[in-house]
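Trainee: Please see the structure below; I have some questions.
The values are calculated or read from the model by the stated rules, or taken from the named source; none is laboratory data. If you're wondering where the values come from, they're calculated on a predicted model, not measured in any experiment. Neighbour counts are summed over all protein chains in view; Cβ atoms, including those assigned to glycine, are modelled from backbone coordinates with ideal geometry.
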Amino acid sequence: MNSKFCEKCGKPLGKNKKFCNSECWKKYLKQNKSIELFDKVCISCGKTYKVHNYRIDSSSFCSQECHFNFKHLTKVCKYCGGVFSGTNWYMKNRFFCSRECSESYRTSKSKSVSKWEIDLYLELKKYFPDIKKGKGFKLKGNLFFVDLIYKNIIIECFGDYWHCNPIKYSSEYYHKQKKLHANTIWNNDIVRIQRLQNEGYFVLVLWENDYYIDKQSVIDQCLSVLNSNYFYDSFYKDFSNLKSYGFNNISNNQILKEDKERKKEKIKIKDFLK
């Protein structure tokens, strides 16, 4: 049947038309036709919501927010306590917010950590609760691990055996486990300290022998540094004054040469692997 007027608003129409536009047609359907809706339970929040017949099998969530929350998990980092989130498959076997926290947690739980280092850490934590142990972080693409860190102050706990304390070992002593001479180990330590200093960190080196001889004086030395307002001392810039560490006198040029030699060795290894 041809209608000359819109069945909703009554406006005149042409032939073979019932409504003047789509809005009138939608309003007419709402008033005159009952649309059957079905109840479903959201698998995320548990609320009951309505769906059309064609969505009974495919719909599982009442909103996009519920869909996102169901597909993502939120966890607390075991090391730093920070909150992080991700998809279910990604978070299934993840317990740390970053690689640095993961490595730091492993080093803090490692059996290789000396007892005196843990003892010193617990003593300093009484005065500085924010001090961290076994912290790992990236500097120019390289991953560094430090024993103790508070703001920009790093405290390195050197074991007499692993770092070849000059009081006990000569420069020609050969470390069987590291497969290096004592002089090379000292040089590597100085290079590492210099790289940390170049990034603005103040590095304090402690020896195991000094800690066991006079524990309180070592703790007082750490507290005086941590309480100070400076984070960098010109004394550590000059390698000629590193004799206070017990190291040999090493120049900046010598360290730069060693860095270049190491880079050349890495390039040779990469070329060989190719």
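Trainee: Across segment 51-101, which residue is nearest to residue 36 (Cα to Cα) among those that are in contact with a strand residue (DSSP E or B) (Cβ under 6 Å, 6 or more places away or on another chain), surrounded by 12 or more Cβ atoms within 10 Å (Cβ to Cβ) and hydroxyl-bearing (Ser, Thr, Tyr)?
Mentor: 59
Trainee: While we're on this one: Please tell me if residue 134 is surrounded by 12 or more Cβ atoms within 10 Å (Cβ to Cβ), free of Cβ contacts under 8 Å to residues at least 40 places away in the same chain and under 24 Å from residue 221 (Cα atoms).
Mentor: Judged against the criteria, residue 134 is a match.
Trainee: Mind checking which residues of segment 88-121 are modelled with pLDDT under 85 and either among the aromatic types (Phe, Trp, Tyr) or farther than 14 Å from residue 145 by Cα (or both)?
Mentor: Residues satisfying the conditions are 88, 89, 90, 91, 92, 93, 98, 105, 111, 114, 115, 118.
Trainee: Of all residues in segment 122-142, count the ones that are of a type outside the set (Asp, Glu) and at pLDDT 75 or above. If you could, list the steps in order and put the result at the bottom.
Mentor: Step one: list which residues in segment 122-142 are of a type outside the set (Asp, Glu), which gives 122, 124-129, 131-142.
Still in the list and also at pLDDT 75 or above: 122, 124-129, 131-133.
Adding up the residues that qualify gives 10.
Trainee: What number of residues within segment 164-184 satisfy the criterion of being under 26 Å from residue 124 (Cβ atoms) and without any contact (Cβ under 8 Å) to a residue 60 or more places away in the chain?
Mentor: 2
Trainee: Going through segment 129-167 one residue at a time, which ones are touching a helix residue (DSSP H, G or I) at 6+ places or on another chain (Cβ under 9 Å) and of a type in the set (Val, Ile, Thr)?
Mentor: 131, 146, 153, 154, 155, 167
Trainee: I would also like to ask the following. Out of segment 13-36, which residues are modelled with pLDDT of 80 or more and surrounded by 10 or more Cβ atoms within 10 Å (Cβ to Cβ)? Explain how you work it out, then say what you get.
Mentor: Here is the first cut: in segment 13-36, the residues modelled with pLDDT of 80 or more are 20-24.
Those that are modelled with pLDDT of 80 or more and surrounded by 10 or more Cβ atoms within 10 Å (Cβ to Cβ): 20, 21, 23, 24.
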